[in-house]
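The values are calculated or read from the model by the stated rules, or taken from the named source; none is laboratory data. Quantities reported herein were computed from a predicted structural model and do not represent experimental measurements. Cβ atoms come from the backbone with ideal geometry, glycine included; neighbour counts cover every protein chain shown.
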Amino acid sequence: MNYKKSIYNIIIEKLEDGSNLIYNTYSGVYGVMNIKTQDIYENIESFSSRRTMDDEIIKSVNIMMQAGYIIDAERDELATIKVERSMKRHRMDTLNLTIAPTMDCNMCCPYCFEDKSKLCMNEETQKQLLDFVKNHFARHSSLKQLNISWYGGEPLMQKEIIYTLSKNFIDLCNEKDIAYSAIIITNGALLDMQTAKRLAEECRVNNAQITIDGMKECHNKRRILISGEDSFEIIVGNIDVCKDILPIIIRVNVDKENSAEVDTLAKFFLEEKKWANQPSFYLAPIDLDSSSCGLDNAICLQGEEFGEINIKATKASYIANRESVANTFFPRRKSVFCGGEGAFNYVIDPEGYLYTCYREIGKKEYSTGHLNKPFMITEEYGKWLLSDIHEKCEKCEYLPMCMGGCGLYRIPNGGEPKCFRTYYTYKDLLKLAYEDYLLQKSKSDPAAGN
(Lines give C-alpha, C1' and ligand atoms only; values in the text may rest on other atoms or scores of the structure.)
Protein backbone atom coordinates (compact mmCIF):
# COMPACT_ATOMS: atom_id res chain seq x y z
CA MET A 1 0.00 0.00 0.00
CA ASN A 2 1.14 3.54 -0.75
CA TYR A 3 0.51 6.29 1.79
CA LYS A 4 0.25 10.06 2.06
CA LYS A 5 -0.29 12.57 4.86
CA SER A 6 -3.83 13.66 5.64
CA ILE A 7 -4.46 17.29 4.73
CA TYR A 8 -6.47 17.65 7.96
CA ASN A 9 -3.59 17.29 10.41
CA ILE A 10 -2.87 20.22 12.73
CA ILE A 11 0.27 20.52 14.84
CA ILE A 12 -1.05 21.93 18.10
CA GLU A 13 2.24 22.38 19.91
CA LYS A 14 5.84 21.14 20.02
CA LEU A 15 6.77 19.72 23.42
CA GLU A 16 10.07 20.16 25.22
CA ASP A 17 11.29 16.70 24.20
CA GLY A 18 10.67 17.47 20.51
CA SER A 19 7.40 15.53 20.29
CA ASN A 20 4.43 17.11 18.52
CA LEU A 21 0.87 17.31 19.76
CA ILE A 22 -1.11 16.49 16.62
CA TYR A 23 -4.85 16.56 15.95
CA ASN A 24 -6.72 15.39 12.89
CA THR A 25 -9.89 17.42 12.33
CA TYR A 26 -11.56 14.67 10.30
CA SER A 27 -10.88 11.64 12.51
CA GLY A 28 -10.94 13.65 15.75
CA VAL A 29 -7.88 11.75 17.02
CA TYR A 30 -5.46 13.68 19.23
CA GLY A 31 -2.05 12.29 20.01
CA VAL A 32 1.63 12.74 20.79
CA MET A 33 3.98 12.07 17.90
CA ASN A 34 7.56 11.43 19.02
CA ILE A 35 10.63 12.42 17.00
CA LYS A 36 11.16 8.96 15.52
CA THR A 37 7.54 8.75 14.36
CA GLN A 38 7.78 12.29 12.98
CA ASP A 39 10.58 11.12 10.70
CA ILE A 40 8.39 8.30 9.38
CA TYR A 41 5.45 10.70 9.04
CA GLU A 42 7.43 13.35 7.15
CA ASN A 43 8.84 10.76 4.76
CA ILE A 44 5.80 8.53 4.48
CA GLU A 45 5.72 8.65 0.68
CA SER A 46 9.22 7.19 0.46
CA PHE A 47 8.54 4.68 3.23
CA SER A 48 5.51 3.44 1.39
CA SER A 49 7.50 2.72 -1.75
CA ARG A 50 9.78 0.27 0.10
CA ARG A 51 9.04 -3.40 -0.36
CA THR A 52 9.89 -4.22 3.25
CA MET A 53 9.69 -2.26 6.48
CA ASP A 54 10.92 -3.32 9.90
CA ASP A 55 8.43 -4.14 12.65
CA GLU A 56 8.84 -0.82 14.45
CA ILE A 57 8.07 1.18 11.32
CA ILE A 58 5.10 -1.06 10.50
CA LYS A 59 3.74 -0.50 14.01
CA SER A 60 4.10 3.29 13.69
CA VAL A 61 2.49 3.30 10.26
CA ASN A 62 -0.46 1.23 11.48
CA ILE A 63 -1.03 3.56 14.45
CA MET A 64 -0.91 6.64 12.20
CA MET A 65 -3.30 4.98 9.76
CA GLN A 66 -5.79 4.20 12.53
CA ALA A 67 -5.53 7.78 13.78
CA GLY A 68 -6.04 9.21 10.29
CA TYR A 69 -2.71 11.07 10.28
CA ILE A 70 -1.69 9.15 7.16
CA ILE A 71 -4.07 7.64 4.62
CA ASP A 72 -4.11 5.45 1.54
CA ALA A 73 -2.50 7.44 -1.28
CA GLU A 74 -5.49 6.77 -3.53
CA ARG A 75 -7.99 8.27 -1.11
CA ASP A 76 -9.47 11.66 -2.01
CA GLU A 77 -10.23 13.31 1.33
CA LEU A 78 -12.04 16.32 -0.11
CA ALA A 79 -14.28 14.13 -2.26
CA THR A 80 -15.01 12.00 0.81
CA ILE A 81 -16.11 15.06 2.77
CA LYS A 82 -18.25 16.33 -0.11
CA VAL A 83 -19.99 12.97 -0.51
CA GLU A 84 -20.62 12.71 3.24
CA ARG A 85 -21.91 16.28 3.24
CA SER A 86 -24.35 15.49 0.44
CA MET A 87 -25.59 12.35 2.21
CA LYS A 88 -25.99 14.15 5.54
CA ARG A 89 -27.88 17.15 4.17
CA HIS A 90 -30.30 14.94 2.27
CA ARG A 91 -30.95 12.37 4.99
CA MET A 92 -34.66 11.73 5.37
CA ASP A 93 -34.95 10.02 8.74
CA THR A 94 -35.25 13.17 10.89
CA LEU A 95 -37.65 16.11 10.71
CA ASN A 96 -36.34 19.24 12.45
CA LEU A 97 -38.76 22.10 13.14
CA THR A 98 -37.92 25.44 14.74
CA ILE A 99 -41.28 26.94 15.72
CA ALA A 100 -42.04 30.49 16.84
CA PRO A 101 -45.51 30.59 18.41
CA THR A 102 -45.11 34.37 18.50
CA MET A 103 -42.64 37.03 17.42
CA ASP A 104 -43.72 39.20 20.32
CA CYS A 105 -41.19 39.66 23.12
CA ASN A 106 -41.16 41.00 26.65
CA MET A 107 -37.63 42.35 26.08
CA CYS A 108 -36.10 44.99 23.81
CA CYS A 109 -32.43 44.00 23.60
CA PRO A 110 -30.29 46.43 21.53
CA TYR A 111 -28.50 43.68 19.56
CA CYS A 112 -31.65 41.75 18.60
CA PHE A 113 -31.81 40.99 14.88
CA GLU A 114 -35.53 40.21 14.77
CA ASP A 115 -38.45 42.28 13.56
CA LYS A 116 -40.93 42.15 16.42
CA SER A 117 -44.65 41.55 15.91
CA LYS A 118 -47.64 41.10 18.21
CA LEU A 119 -48.87 38.24 16.03
CA CYS A 120 -49.17 34.79 17.56
CA MET A 121 -49.96 31.48 15.90
CA ASN A 122 -53.72 31.16 15.56
CA GLU A 123 -55.66 27.90 15.64
CA GLU A 124 -55.82 27.65 11.85
CA THR A 125 -52.05 27.93 11.51
CA GLN A 126 -51.58 25.41 14.32
CA LYS A 127 -53.81 22.99 12.42
CA GLN A 128 -51.81 23.61 9.23
CA LEU A 129 -48.61 22.91 11.15
CA LEU A 130 -49.96 19.63 12.51
CA ASP A 131 -51.10 18.64 9.01
CA PHE A 132 -47.64 19.56 7.70
CA VAL A 133 -46.07 17.09 10.14
CA LYS A 134 -48.69 14.41 9.42
CA ASN A 135 -48.05 14.73 5.69
CA HIS A 136 -44.31 14.37 6.20
CA PHE A 137 -44.88 11.22 8.23
CA ALA A 138 -47.25 9.84 5.59
CA ARG A 139 -44.98 10.57 2.61
CA HIS A 140 -41.72 9.49 4.16
CA SER A 141 -41.75 6.07 5.78
CA SER A 142 -38.03 6.50 6.57
CA LEU A 143 -38.78 9.15 9.23
CA LYS A 144 -37.68 8.00 12.67
CA GLN A 145 -37.28 11.23 14.66
CA LEU A 146 -39.07 14.55 15.18
CA ASN A 147 -37.05 17.35 16.82
CA ILE A 148 -38.74 20.57 17.90
CA SER A 149 -37.03 23.83 18.90
CA TRP A 150 -39.37 26.38 20.50
CA TYR A 151 -38.28 29.84 19.49
CA GLY A 152 -39.46 33.43 19.20
CA GLY A 153 -39.81 36.31 19.94
CA GLU A 154 -40.26 34.99 23.41
CA PRO A 155 -42.00 31.61 23.08
CA LEU A 156 -43.19 31.54 26.70
CA MET A 157 -45.45 34.51 26.00
CA GLN A 158 -47.63 31.85 24.32
CA LYS A 159 -47.29 28.89 26.69
CA GLU A 160 -50.67 27.39 25.83
CA ILE A 161 -49.72 27.10 22.17
CA ILE A 162 -46.58 25.21 23.19
CA TYR A 163 -48.55 22.91 25.48
CA THR A 164 -51.21 22.20 22.85
CA LEU A 165 -48.87 21.62 19.93
CA SER A 166 -46.51 19.52 22.05
CA LYS A 167 -49.34 17.17 23.04
CA ASN A 168 -50.43 16.81 19.42
CA PHE A 169 -46.87 16.18 18.20
CA ILE A 170 -46.20 13.62 20.94
CA ASP A 171 -49.50 11.80 20.27
CA LEU A 172 -48.73 11.66 16.56
CA CYS A 173 -45.20 10.36 17.18
CA ASN A 174 -46.50 7.71 19.57
CA GLU A 175 -49.03 6.62 16.97
CA LYS A 176 -46.35 6.33 14.27
CA ASP A 177 -43.60 4.94 16.57
CA ILE A 178 -41.41 7.98 15.88
CA ALA A 179 -38.99 9.32 18.51
CA TYR A 180 -39.67 12.83 19.81
CA SER A 181 -37.48 15.46 21.46
CA ALA A 182 -37.69 19.21 22.09
CA ILE A 183 -35.72 22.18 23.39
CA ILE A 184 -36.68 25.78 24.08
CA ILE A 185 -34.79 29.04 23.61
CA THR A 186 -36.17 31.59 26.08
CA ASN A 187 -35.04 34.73 27.86
CA GLY A 188 -36.05 33.01 31.10
CA ALA A 189 -38.15 35.82 32.56
CA LEU A 190 -41.34 33.73 32.34
CA LEU A 191 -39.78 30.37 33.22
CA ASP A 192 -41.26 29.77 36.65
CA MET A 193 -41.34 26.41 38.43
CA GLN A 194 -44.80 25.41 37.20
CA THR A 195 -43.88 26.21 33.60
CA ALA A 196 -40.62 24.25 33.87
CA LYS A 197 -42.50 21.21 35.19
CA ARG A 198 -45.02 21.28 32.35
CA LEU A 199 -42.31 21.74 29.75
CA ALA A 200 -40.25 18.86 31.12
CA GLU A 201 -43.05 16.43 31.98
CA GLU A 202 -45.79 17.13 29.45
CA CYS A 203 -43.89 18.66 26.53
CA ARG A 204 -40.77 16.52 26.85
CA VAL A 205 -38.49 19.53 26.53
CA ASN A 206 -34.93 18.33 27.13
CA ASN A 207 -33.33 21.68 27.94
CA ALA A 208 -33.83 25.42 27.97
CA GLN A 209 -31.31 27.95 26.69
CA ILE A 210 -31.32 31.25 28.59
CA THR A 211 -29.14 34.32 28.05
CA ILE A 212 -27.31 36.23 30.79
CA ASP A 213 -25.01 38.95 29.50
CA GLY A 214 -23.12 40.10 32.58
CA MET A 215 -23.56 41.01 36.20
CA LYS A 216 -26.70 42.85 37.28
CA GLU A 217 -25.97 46.38 36.05
CA CYS A 218 -24.44 45.31 32.75
CA HIS A 219 -27.03 42.63 32.05
CA ASN A 220 -29.97 44.94 32.72
CA LYS A 221 -28.65 47.44 30.16
CA ARG A 222 -28.52 44.75 27.51
CA ARG A 223 -31.38 42.39 28.41
CA ILE A 224 -34.07 45.00 28.91
CA LEU A 225 -37.53 44.01 30.10
CA ILE A 226 -40.19 46.23 28.56
CA SER A 227 -41.87 46.34 31.97
CA GLY A 228 -38.79 48.04 33.39
CA GLU A 229 -38.23 45.26 35.94
CA ASP A 230 -34.84 43.92 36.99
CA SER A 231 -34.38 41.10 34.47
CA PHE A 232 -31.16 39.85 36.08
CA GLU A 233 -32.73 39.09 39.44
CA ILE A 234 -35.83 37.56 37.82
CA ILE A 235 -33.85 35.29 35.49
CA VAL A 236 -31.31 34.18 38.09
CA GLY A 237 -34.15 33.45 40.50
CA ASN A 238 -35.99 31.42 37.87
CA ILE A 239 -32.86 29.42 37.05
CA ASP A 240 -32.40 28.59 40.73
CA VAL A 241 -35.90 27.17 41.10
CA CYS A 242 -36.00 25.42 37.71
CA LYS A 243 -32.50 24.01 37.15
CA ASP A 244 -33.27 20.71 38.92
CA ILE A 245 -36.50 20.30 36.96
CA LEU A 246 -35.37 21.30 33.49
CA PRO A 247 -31.72 21.24 32.36
CA ILE A 248 -30.59 24.78 31.57
CA ILE A 249 -27.84 26.09 29.29
CA ILE A 250 -26.79 29.69 29.83
CA ARG A 251 -25.61 31.62 26.80
CA VAL A 252 -23.49 34.73 27.35
CA ASN A 253 -23.51 37.03 24.32
CA VAL A 254 -20.15 38.80 24.27
CA ASP A 255 -18.90 41.98 22.61
CA LYS A 256 -16.48 44.75 23.58
CA GLU A 257 -19.03 46.40 25.84
CA ASN A 258 -19.37 43.45 28.24
CA SER A 259 -16.20 41.40 27.64
CA ALA A 260 -14.64 42.74 30.85
CA GLU A 261 -17.61 41.26 32.74
CA VAL A 262 -16.94 37.66 31.71
CA ASP A 263 -14.43 36.84 34.47
CA THR A 264 -16.69 38.28 37.17
CA LEU A 265 -19.73 36.56 35.71
CA ALA A 266 -17.93 33.21 35.56
CA LYS A 267 -16.98 33.54 39.23
CA PHE A 268 -20.58 34.41 40.04
CA PHE A 269 -21.85 31.30 38.25
CA LEU A 270 -19.17 28.93 39.52
CA GLU A 271 -18.30 30.17 43.00
CA GLU A 272 -21.24 32.15 44.36
CA LYS A 273 -24.11 30.26 42.71
CA LYS A 274 -22.26 26.92 42.58
CA TRP A 275 -23.48 26.38 39.02
CA ALA A 276 -20.46 24.28 38.09
CA ASN A 277 -22.50 21.57 36.40
CA GLN A 278 -26.16 22.52 36.24
CA PRO A 279 -26.73 24.88 34.62
CA SER A 280 -23.82 24.95 32.20
CA PHE A 281 -22.79 28.07 30.33
CA TYR A 282 -20.98 29.06 27.15
CA LEU A 283 -19.92 32.27 25.38
CA ALA A 284 -21.17 33.40 21.98
CA PRO A 285 -19.70 36.36 20.05
CA ILE A 286 -22.22 38.97 18.98
CA ASP A 287 -22.21 39.67 15.26
CA LEU A 288 -24.18 41.95 12.96
CA ASP A 289 -26.78 39.44 11.87
CA SER A 290 -29.00 41.80 9.91
CA SER A 291 -29.90 45.40 9.29
CA SER A 292 -32.33 45.07 12.21
CA CYS A 293 -29.43 44.75 14.65
CA GLY A 294 -29.04 47.98 16.59
CA LEU A 295 -25.27 47.75 17.03
CA ASP A 296 -22.19 49.27 15.46
CA ASN A 297 -19.71 46.79 14.02
CA ALA A 298 -16.95 48.50 16.04
CA ILE A 299 -18.13 46.82 19.25
CA CYS A 300 -17.99 43.29 17.82
CA LEU A 301 -15.02 41.22 18.93
CA GLN A 302 -12.49 39.98 16.41
CA GLY A 303 -11.75 36.26 16.36
CA GLU A 304 -8.54 36.41 18.39
CA GLU A 305 -10.17 38.70 20.96
CA PHE A 306 -13.09 36.35 21.44
CA GLY A 307 -10.79 33.33 21.58
CA GLU A 308 -8.77 34.78 24.45
CA ILE A 309 -11.91 35.52 26.49
CA ASN A 310 -13.47 32.16 25.71
CA ILE A 311 -10.49 30.08 26.82
CA LYS A 312 -10.29 31.96 30.14
CA ALA A 313 -13.96 31.15 30.83
CA THR A 314 -13.40 27.51 29.87
CA LYS A 315 -10.43 27.25 32.23
CA ALA A 316 -12.51 28.73 35.05
CA SER A 317 -15.20 26.11 34.44
CA TYR A 318 -12.57 23.39 34.29
CA ILE A 319 -11.13 24.38 37.66
CA ALA A 320 -14.60 24.47 39.21
CA ASN A 321 -15.77 21.15 37.76
CA ARG A 322 -13.65 19.19 35.31
CA GLU A 323 -16.47 16.86 34.30
CA SER A 324 -18.64 19.74 33.11
CA VAL A 325 -16.20 20.81 30.39
CA ALA A 326 -13.81 17.92 29.66
CA ASN A 327 -15.99 16.63 26.83
CA THR A 328 -15.96 20.09 25.16
CA PHE A 329 -12.17 20.17 24.64
CA PHE A 330 -12.31 18.35 21.35
CA PRO A 331 -13.76 20.11 18.28
CA ARG A 332 -16.55 18.18 16.64
CA ARG A 333 -16.54 17.34 12.96
CA LYS A 334 -19.47 18.66 10.97
CA SER A 335 -20.99 17.28 7.79
CA VAL A 336 -22.79 20.59 7.23
CA PHE A 337 -22.36 23.81 9.17
CA CYS A 338 -26.00 23.86 10.26
CA GLY A 339 -29.36 22.27 9.52
CA GLY A 340 -30.39 25.18 7.30
CA GLU A 341 -28.39 23.63 4.47
CA GLY A 342 -30.18 20.31 4.75
CA ALA A 343 -33.52 18.85 3.79
CA PHE A 344 -36.30 18.33 6.36
CA ASN A 345 -35.20 21.37 8.38
CA TYR A 346 -37.78 24.13 8.62
CA VAL A 347 -38.14 27.34 10.60
CA ILE A 348 -41.81 28.32 10.99
CA ASP A 349 -43.07 31.76 11.96
CA PRO A 350 -46.44 32.50 13.69
CA GLU A 351 -48.15 33.11 10.33
CA GLY A 352 -47.03 29.77 8.90
CA TYR A 353 -44.24 30.99 6.63
CA LEU A 354 -41.25 28.66 6.23
CA TYR A 355 -37.57 29.63 6.34
CA THR A 356 -34.23 27.84 6.22
CA CYS A 357 -32.45 30.02 8.81
CA TYR A 358 -33.80 31.14 12.19
CA ARG A 359 -32.09 34.52 11.75
CA GLU A 360 -34.32 35.26 8.77
CA ILE A 361 -37.57 34.42 10.52
CA GLY A 362 -40.31 36.98 9.96
CA LYS A 363 -38.63 38.48 6.90
CA LYS A 364 -40.98 37.25 4.21
CA GLU A 365 -38.60 38.08 1.36
CA TYR A 366 -36.51 35.13 2.61
CA SER A 367 -39.42 32.75 3.05
CA THR A 368 -39.19 29.41 1.25
CA GLY A 369 -42.92 28.61 1.36
CA HIS A 370 -46.02 28.44 3.55
CA LEU A 371 -47.77 25.73 5.54
CA ASN A 372 -50.96 26.16 3.51
CA LYS A 373 -49.26 25.48 0.16
CA PRO A 374 -47.91 22.24 -1.30
CA PHE A 375 -44.19 21.97 -0.73
CA MET A 376 -42.07 23.16 -3.63
CA ILE A 377 -38.43 24.00 -4.16
CA THR A 378 -38.31 27.78 -4.38
CA GLU A 379 -35.34 29.90 -5.44
CA GLU A 380 -34.53 30.75 -1.81
CA TYR A 381 -34.76 27.11 -0.73
CA GLY A 382 -32.57 26.06 -3.64
CA LYS A 383 -29.86 28.54 -2.68
CA TRP A 384 -29.44 26.79 0.68
CA LEU A 385 -29.82 23.21 -0.47
CA LEU A 386 -27.43 23.67 -3.40
CA SER A 387 -24.75 25.64 -1.56
CA ASP A 388 -21.29 24.19 -2.04
CA ILE A 389 -17.90 24.28 -0.36
CA HIS A 390 -15.94 27.31 -1.60
CA GLU A 391 -12.62 26.62 -3.30
CA LYS A 392 -10.90 28.72 -0.62
CA CYS A 393 -11.95 26.09 1.93
CA GLU A 394 -11.02 22.99 -0.05
CA LYS A 395 -7.45 22.74 1.22
CA CYS A 396 -8.06 24.18 4.69
CA GLU A 397 -7.10 21.81 7.49
CA TYR A 398 -10.05 23.08 9.54
CA LEU A 399 -12.68 22.27 6.91
CA PRO A 400 -14.14 19.21 8.70
CA MET A 401 -14.95 21.36 11.75
CA CYS A 402 -16.16 24.46 9.91
CA MET A 403 -17.52 23.46 6.48
CA GLY A 404 -17.15 27.02 5.26
CA GLY A 405 -18.97 28.70 8.11
CA CYS A 406 -22.46 30.11 8.41
CA GLY A 407 -24.61 29.94 5.28
CA LEU A 408 -26.28 33.23 6.17
CA TYR A 409 -23.03 34.92 5.13
CA ARG A 410 -21.82 32.51 2.46
CA ILE A 411 -24.95 32.04 0.38
CA PRO A 412 -25.66 35.71 -0.50
CA ASN A 413 -21.95 36.26 -1.24
CA GLY A 414 -21.23 33.64 -3.86
CA GLY A 415 -20.18 31.06 -1.30
CA GLU A 416 -17.41 33.28 0.13
CA PRO A 417 -16.47 31.60 3.41
CA LYS A 418 -16.73 33.17 6.83
CA CYS A 419 -14.45 31.45 9.32
CA PHE A 420 -16.31 30.63 12.49
CA ARG A 421 -14.81 32.55 15.37
CA THR A 422 -14.50 29.65 17.79
CA TYR A 423 -11.82 28.50 15.31
CA TYR A 424 -9.50 30.73 17.32
CA THR A 425 -10.02 28.70 20.49
CA TYR A 426 -9.42 25.23 19.06
CA LYS A 427 -5.67 25.06 19.71
CA ASP A 428 -5.99 26.50 23.20
CA LEU A 429 -8.71 24.00 24.07
CA LEU A 430 -6.60 21.12 22.79
CA LYS A 431 -3.61 22.32 24.82
CA LEU A 432 -5.89 22.32 27.86
CA ALA A 433 -6.99 18.79 26.94
CA TYR A 434 -3.36 17.64 26.98
CA GLU A 435 -2.76 19.28 30.37
CA ASP A 436 -5.85 17.47 31.64
CA TYR A 437 -4.55 14.18 30.23
CA LEU A 438 -1.26 14.58 32.09
CA LEU A 439 -3.08 15.48 35.30
CA GLN A 440 -5.44 12.49 35.12
CA LYS A 441 -2.50 10.22 34.24
CA SER A 442 -0.53 11.41 37.29
CA LYS A 443 -3.56 10.79 39.52
CA SER A 444 -4.02 7.23 38.27
CA ASP A 445 -0.29 6.53 38.33
CA PRO A 446 1.56 8.87 40.73
CA ALA A 447 4.91 7.50 39.60
CA ALA A 448 4.18 8.76 36.06
CA GLY A 449 4.32 12.36 37.25
CA ASN A 450 7.82 11.96 38.69
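Are any residues in the stretch 389-419 without any contact (Cβ under 8 Å) to a residue 40 or more places away in the chain and either closer than 21 Å to residue 359 by Cα or of a type in the set (A, V, I, L, M) (or both), and if so, which ones? 409, 410, 411, 412, 413, 414, 415, 416, 417, 418 - these are the residues of the stretch 389-419 that are without any contact (Cβ under 8 Å) to a residue 40 or more places away in the chain and either closer than 21 Å to residue 359 by Cα or of a type in the set (A, V, I, L, M) (or both). Every condition in (1) among the basic types (Lys, Arg); (2) exposed (fewer than 14 other Cβ atoms within 10 Å of the Cβ); (3) under 19 Å from the mean Cα position of the chain (by Cα) is met by residue 410 except one, and the failing one is (2). The residues in the stretch 86-109 that are farther than 22 Å from residue 345 by Cβ and loosely packed, with under 14 Cβ neighbours inside 10 Å can be counted, and the count is 1. The set of residues in the stretch 326-372 that are hydroxyl-bearing (Ser, Thr, Tyr) and more than 18 Å from the chain's Cα centre (by Cα) comprises 353, 355, 366, 367, 368. Does residue 64 count as surrounded by 16 or more Cβ atoms within 10 Å (Cβ to Cβ), over 21 Å from the mean Cα position of the chain (by Cα), aliphatic (A, V, I, L, M) and assigned by TED's automatic domain parsing to the domain that holds residue 140? Judged against the criteria, residue 64 is not a match.
In the set (1) more than 20 Å from residue 211 (Cα to Cα); (2) at pLDDT 95 or above; (3) surrounded by fewer than 21 Cβ atoms within 10 Å (Cβ to Cβ), residue 149 fails one condition alone, (1). Restricting to the stretch 53-110, name every residue that is of a type in the set (Ser, Thr, Tyr) and either assigned to a helix (DSSP H, G or I) or touching a Pro at 6+ places or on another chain (Cβ under 6 Å) (or both). Listed by number, the residues that qualify are 60, 80, 86, 102. Evaluation of residue 227 against the conditions (1) surrounded by fewer than 17 Cβ atoms within 10 Å (Cβ to Cβ); (2) at pLDDT 95 or above; (3) farther than 30 Å from residue 313 by Cβ; (4) of a type in the set (Ser, Thr, Tyr) shows that the sole unmet condition is (2). Here the condition is being farther than 30 Å from residue 231 by Cβ and either touching a Cys at 6+ places or on another chain (Cβ under 7 Å) or loosely packed, with under 14 Cβ neighbours inside 10 Å (or both); of 83, 133, it holds for 83 alone.
Set side by side, the residues 280, 292 differ, and just one is among the polar types (S, T, N, Q) and modelled with pLDDT of 90 or more, which is 280. Scanning the stretch 1-25 for residues that are assigned to a strand (DSSP E or B) and in contact with a helix residue (DSSP H, G or I) (Cβ under 7 Å, 6 or more places away or on another chain) yields 3, 4, 5, 12, 13, 20, 21, 23, 24.
With respect to residue 45, is the statement that it is surrounded by 14 or more Cβ atoms within 10 Å (Cβ to Cβ), within 23 Å of residue 25 (Cα to Cα) and of a type in the set (Asp, Glu) true? When the stated conditions are applied, residue 45 does not pass them.
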